[in-house]
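Before any comments, here is the structure.
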Amino acid sequence: MIFKILEIIVGALLIAVILLQMQGSGISGAFGGSGEFYRSKRSVEKMLVWATIGLAILFGLLSIVLLVIH
């Protein structure tokens, strides 16, 4: 039961972090038509990227654990 609750929380956090990354890009950036040139990422953007990676890995591991337990 605790793993199911953890997976729901991690999933919600993952969605929130992804939406925070897309906040300033507008709808065209969501579909790949942003037209911006490469620029260096600021510290907040780097933190969001690493949080997304960590939450995605945690979500995958929790999914595997739930699959094995069930």
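Annotations
- With each label modelled as a point 7 angstrom along the Cα→C-beta vector, the residue 56-residue 6 pair spans 2.1 nm.
- Residues 1, 22, ranked from the fewest to the most other C-beta atoms within 10 Å, line up as 1, 22.
- A simple packing score, the average count of other Cβ atoms within 10 Å per residue, orders the peptides 11-19, 61-69 as 11-19, 61-69, with the highest score first.
Read-outs throughout are calculated quantities, based only on the coordinates presented, and are distinct from any laboratory measurement. On a predicted model such as this, the values are computed, not experimentally measured, just so you know. Quick reminder, even Gly has a Cβ in these numbers, built from the backbone with ideal geometry, and neighbours come from all protein chains shown.
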